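All of the numbers you see were taken from the coordinates with simple rules; none came from a lab. All figures in this text were calculated on a predicted structure; none of them were measured in a lab. For neighbour counting, all protein chains shown are included, and Cβ atoms are generated from backbone atoms with ideal geometry for every residue, glycine included.
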Amino acid sequence: MDAIDRKIISILQENAETPIQAIADMVNLSTTPCWRRVQKLKELGVIKKQVVLCDSAMLNVGVTVFISVRTNQHSQAWLNKFANHVKDIPEVIEFYRMSGDVDYLIRVVVPDIATYDTVYKKLIRIADLHDVSSSFAMEQIKYTTALPVDYCG
């Protein structure tokens with residue numbers, strides 16, 4: 001991956017609807033070679049998919065909750081069951097297995113605390129959890145889906 005590919009990725013991460021001609025102009029290529037590079041990035045899996053980012057407040061899910069989960073269970077079967085059920089909860093938008101004191105970190109968006117309580121009750125029904133701790137975001141200071149491109153080869 002060269003500097004042109006990195007620039008193309010940066011442009012598309014800012015706006016995936018940028019016309020190929022505009023991208024080509026920004027990276028000093030003609031349209032066809034630029035289009036080929038984009039296709040190659042897709043084939044390689046560098047570009048996984050193109051999505052629409054929505055305003056959480058406009059969709060009435062402006063409350064962000066970070067849920068820390070600790071468990072006494074560490075078998076693959078337990079993880080599979082827990083993960084499969086958590087993935088099915090639509091309010092869960094991020095879900096990570098962690099190192100350190102917390103086993104899992106879950107990011108949830110909801111309209112209010114009452115709806116969060118419903119999500120919480122779903123979580124504790126799924127599996128035996130040792131500890132569940134929730135933190136409500138007070139203010140979003142930075143939010144981006146754009147990944148840094150300076151580290152790819």
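This model, with +1 at the C-beta of Lys and Arg and -1 at the C-beta of Asp and Glu, gives segment 3-43 a dipole about its Cα centre of some 180 debye. Highest mobility in the GNM of the chain, judged by mean-square fluctuation with C-alpha springs under 10 Å and restricted to ARG36, ARG97, ARG107, is found for ARG36.
With contacts taken as Cα pairs under 8 Å and at least 6 residues apart, segment 63-136 reaches a relative contact order of 53 percent. Across segment 89-96, coupling constants 3J(HN,Hα) worked out from phi with the 6.51/-1.76/1.60 Karplus curve, θ = phi - 60°, read 8, x, 6, 7, 10, 8, 8, 10 Hz, and Gly and Pro carry x.
By the helix-only formula, in which each DSSP H run with n ≥ 4 contributes -39500 (n - 2.57) and the sum is divided by residues, the chain has a 222 nm mean residue ellipticity of -11500 deg cm²/dmol. Considering only ALA83, ALA22, ALA127, the mean-square fluctuation computed in a Gaussian network model of the chain, springs between alpha carbons under 10 angstrom, is largest for ALA22.
Normalising by residue count, the chain has a Cα convex hull of 154 Å³ per residue.
Stretching the chain fully between SER68 and LYS81 yields a gain of 2.9 nm (0.36 nm per residue, less the alpha carbon separation). In plain terms, the residue of MET58, MET26, MET98 with the fewest other Cβ atoms within 10 Å comes first and the most crowded comes last, giving MET58, MET98, MET26. When both bridge partners sit in the chain, DSSP labels roughly 100% of those beta bridges antiparallel. Counted without the sites themselves, the longest stretch of the chain free of GluC sites (Glu not before Pro) in a DSSP loop having at most 12 other beta carbon atoms within 10 Å is 18-138.
One Cα centroid belongs to segment 1-48, the other to segment 98-133; the line between them spans 39 Å. Each of TYR151, TYR120 has some number of other Cβ atoms within 10 Å of its Cβ, and from fewest to most they run TYR151, TYR120.
Label-to-label distance, MET58 versus LEU105, with points set 7 angstrom from Cα along the beta-carbon direction: 2.9 nm.
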